[in-house]
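The values are calculated or read from the model by the stated rules, or taken from the named source; none is laboratory data. Keep in mind it's a predicted model, so treat the numbers as computed, not measured. Note that we place each Cβ from the backbone using ideal geometry, even for glycine, and neighbour counts take in every protein chain shown. The area values use the complete protein model at the heavy-atom level, side chains included, leaving out ligands, DNA and RNA. Shrake-Rupley method; radii C 1.70, N 1.55, O 1.52, S 1.80 Å.
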Amino acid sequence: MIATYIARPFENALQAIGVQDVVQLNFEIPKVSSHGDLSVNVAMLLAKKLGKPPRTIAQDIVSHLTFDDGIISSVEIAGAGFINLRYSAGFYQKALVEMASKGDSFGASDSGKGLNVNVEYVSANPTGLLHIGHGRNTAIGDTVANLLTWTGHDVTREYYFNNAGNQMNNLALSIYARYRQASGDSDF
């Protein structure tokens, strides 16, 4: 939402004051809540480049900012040139509507698009005892795979089950022997 409702007006204001280069807008939540809901130090970052005091640059930026007052209730300049913003109740209402409209996909991203990931988990020994760790690791492995899928990764899940080799042959022979004993075969 910050990119949609807040960053674009700042980008437009920067262009209006003659800043043509791409500027990194670092929005932060102020440490002191009375300073507002969001703060940006872009004026201080531009001071050397523009050869003006940060507070003057902040005043120029603020004079060119246009926000929907249903989203931002106030814009203030503080200190050496911080620009502080306060959200209106409408901002939170729009945020809740957007969250609800996205449903279960809210928060998902495509940051991992094009990246392949192999998640291998558990590796239970079929001839040994299962324990709580196997269940825990299954849940963790599946959760990690789900999170990676949610962020756009192409995920291959691999639950390694060691069912080959001499241990499995002996297991099969042991089960067969127990079956023969249970069937009343006296040779076993």
Quiz prompt | Share, in percent, of DSSP beta bridges within the chain that are antiparallel, nearest 5 | solution = 60 percent
Quiz prompt | For segment 108-188: rounded, prolate or oblate by the Cα gyration tensor [a/c cutoff 1.5] | solution = prolate
Practice problem: Mind checking which lysines have their Cα closer than 27 Å to the Cα of Lys102? Skip sequence neighbours fewer than 8 apart in that chain. | Solution: Lys94, Lys113
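Do any trypsin sites (Lys or Arg not before Pro) in segment 19-116 lie in a DSSP loop with no more than 10 other beta carbon atoms within 10 Å, and if so, which?
Lys31, Lys113
If DNA, RNA and ligands are ignored and the probe is 1.4 Å, what is the ranking of Leu85, Leu171, Leu96 by accessible area, most exposed first? Write down the numbers at each step before the final one.
On the way: Leu85 0, Leu171 55, Leu96 110 Å².
From most exposed to least exposed: Leu96, Leu171, Leu85.
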Practice problem: At 1.4 Å probe size, with no ligands or nucleic acids counted, give the accessible surface of Asp21 in Å², nearest ten. | Solution: 90 Å²
Quiz item: With each pseudo-label sitting 7 Å past Cα toward Cβ, what's the Glu120-Tyr176 distance in nm, one decimal?
Solution: 3.0 nm
Quiz item: Quick one: Karplus J couplings for segment 72-88, per residue in order, coefficients 6.51, -1.76, 1.60, θ = phi - 60°, nearest Hz, x for Gly and Pro?
Solution: 10, 8, 7, 10, 9, 9, 10, x, 6, x, 5, 10, 9, 10, 10, 6, 8
Quiz item: If you line up the Cα atoms of the chain on their principal axes, what length do they span on each, largest first, in Å?
Solution: 100, 35, 29
